[in-house]
Amino acid sequence: MKVGYEPNLATSLVSVSVVMKNLERTYQRSSEVRYRILAGEAVVVRQDVAEVLVLSEVGARVLDLLDGKRTLADVRDLLLVEYEVEQAQLEQDLDEYIHNLKDAGIIHSSEGAG
């Protein structure tokens, strides 16, 4: 009988390794993206596909910090000061959010490899 869930340690270690590697990367907004902060949310316009997205306050802050100069570690460190969150949770959430922004065409790697 199974009593509880035991996470797969190997998968967890691989996941942490990928997150840690990505923390040294820099990202910037795509040139086709425009955004404005309105009432604590970001209204993002992707001109190339005529799409409008709304980001939360935290999402808007992350987008604002992605200037092509700061690494994700820099962004993480700033967010740790500004918000009450555990570092491991923030790193995991930041990694997932970055992937979502990349998939939506809102940001790209400043190094051109992402």
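A short reminder: the numbers here are calculations on the coordinates, not readings from a lab. As the structure is a prediction and not an experimental result, all values here were calculated from the model.
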Given 0.36 nm per residue, what is the gain on full extension from GLU57 to GLU41 after removing their alpha carbon distance, in nm?
5.3 nm
For the stretch 24-87, just run the numbers: alpha carbon Rg, then divide by 2.2 N^0.38 Å, N being how many residues it has.
1.18
